[in-house]
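Below is one structure, written out as structure tokens; the observations come after it.
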Amino acid sequence: ADIARVFAEVGQKFGRLDLMLHSVAYAPKDALEGEFVNTSREAFRIAHDVSAYSLVALSRAAAPLMTNGGSILAMSYYGAEKVVPHYNVMGVAKASLECSTRYLAYDLGQKKIRVNCISAGPVNTLAARGIAGFGEMLKIYETKSPLRRNLVPEELGATGTFLASDGAGA
């Protein structure tokens, strides 16, 4: 009901939508600690519902407002592809998010709506700091990344701006 209400208000106020950014993720804290094998069914369900299915639900509501085409962006992380200690069920949920992005891109592409994921590496946010060992993760990324530094938020914004622009049309 909240999703329907938000997009109804957007439609009434602006008439159309050009960009939707999905930057929502959550898993219960205990599912980010210990071994992945001990993830409860409920923690698994919550992580996928909030972190992946929400992209599907939001895209379904946003698409009718993207009358001139548009861009849907989601935020992912390397833990969707490789095991990252302490990321656990969130990595599996991000893999689901990335796969959902591909299916949404296929479905919505015919409506000239592009759907992409940005996987920027570790970004120092309040939510990320809740992951055990996150500070160490930033240090390791800095030593292993090609530029030997961490991402700055402005670079993430520039990537999103490009993907939302006509320059990324194909």
### Query
Filter region 71-126 for residues that are among the basic types (Lys, Arg) and not in a loop (DSSP other than H, G, I, E, B); which is farthest from the chain's Cα centre (by Cα)?
Arg114
### Task
Report, by residue number, each residue of region 75-102 that is among the hydroxyl-bearing types (Ser, Thr, Tyr), under 17 Å from Arg45 (Cα atoms) and crowded, with 21+ Cβ neighbours inside 10 Å.
Tyr87, Ser100
### Task
Scan region 32-44 and give yes if some residue there is within 20 Å of Val115 (Cα to Cα), hydrophobic (A, V, I, L, M, F, W, C) and in contact (Cβ under 8 Å) with a residue 24 or more places away in the chain, otherwise no.
no
## Note on the structure
Filtering region 128-169 for residues that are within 21 Å of Cys117 (Cβ to Cβ), touching a helix residue (DSSP H, G or I) at 6+ places or on another chain (Cβ under 8 Å) and at pLDDT 90 or above leaves a count of 2
### Message
Looking for something touching a Leu at 6+ places or on another chain (Cβ under 6 Å), modelled with pLDDT of 95 or more and of a type in the set (Gly, Ala, Ser) - is there at least one such residue anywhere in region 87-108?
### Response
yes
#### Entry: Qualifying residue in region 13-29 (condition: assigned to a helix (DSSP H, G or I) and surrounded by 15 or more Cβ atoms within 10 Å (Cβ to Cβ))
no
### Query
So, of the residues in region 30-51 that are open to solvent by 60 Å² or more (accessible area, probe 1.4 Å) and hydrophobic (A, V, I, L, M, F, W, C), which turns out to be farthest from Thr125 (Cα to Cα)?
Val37
### Query
Does Arg60 satisfy being surrounded by fewer than 18 Cβ atoms within 10 Å (Cβ to Cβ) and of a type in the set (D, E, K, R)?
yes
### Task
Being of a type in the set (S, T, N, Q) and either touching a residue at least 24 places away in the same chain (Cβ under 8 Å) or open to solvent by less than 40 Å² (accessible area, probe 1.4 Å) (or both) is the filter here, so list the residues in region 118-162 that pass it.
Ser119, Asn124, Ser145, Asn150, Thr159
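The values are calculated or read from the model by the stated rules, or taken from the named source; none is laboratory data. What you see is a predicted model, and the numbers here were worked out from it, not measured in a lab. Neighbour counts are summed over all protein chains in view; Cβ atoms, including those assigned to glycine, are modelled from backbone coordinates with ideal geometry. Surface areas here come from the heavy atoms of the whole protein model, side chains and all, with no ligands, DNA or RNA. Shrake-Rupley method; radii C 1.70, N 1.55, O 1.52, S 1.80 Å.
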